[in-house]
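The values are calculated or read from the model by the stated rules, or taken from the named source; none is laboratory data. Bear in mind that the values here come from a model prediction, so they are computed numbers and not experimental data. Cβ coordinates were reconstructed from backbone atoms using ideal geometry, including for glycine residues, and neighbour counts include every protein chain displayed. Keep in mind that these areas ignore ligands, DNA and RNA; they rest on the heavy atoms of the full protein, side chains included. Shrake-Rupley method; radii C 1.70, N 1.55, O 1.52, S 1.80 Å.
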Amino acid sequence: MHEHFFQCPYCWQSISMLFDPSVTSSYIEDCEVCCNPIRVEAQFEDGEIVMFNAVDIAQ
Ligand SMILES: [Zn+2]
């Protein structure tokens, strides 16, 4: 699993999530700090992250 750190689009705290590098992930996770739902997308190539988005889905 690949751990990726990013900023929550709601509270701007640095949080981390674990991703499976063998698949392109797109799912909804709650921020571990403020508990708001974040839509995260992650794409990997050769085990390295090449695209990452964390979107505020309350907008
Ligand atoms: Zn947050």
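In table form, for the structure just shown:
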| item | result |
| --- | --- |
| Whole-number accessible area per residue in Å² for the chain, which is evaluated in the context of all protein chains at 1.4 Å | 65 Å² |
| Convex hull of Cα atoms in the chain, direction-averaged projection (nm²) | 3.6 nm² |
| Taking the chain and dividing mean pair separation by its residue count, relative contact order in percent (alpha carbons under 8 Å, at least six apart) | 28 percent |
| Which of 20, 30 is most accessible, then next, and so on - probe 1.4 Å | 30, 20 |
| Whole-percent carbon and sulfur share, accessible surface of the chain, 1.4 Å | 46 percent |
| Cα centre as origin, Lys/Arg/Asp/Glu Cβ charges: the chain dipole, Debye | 220 debye |
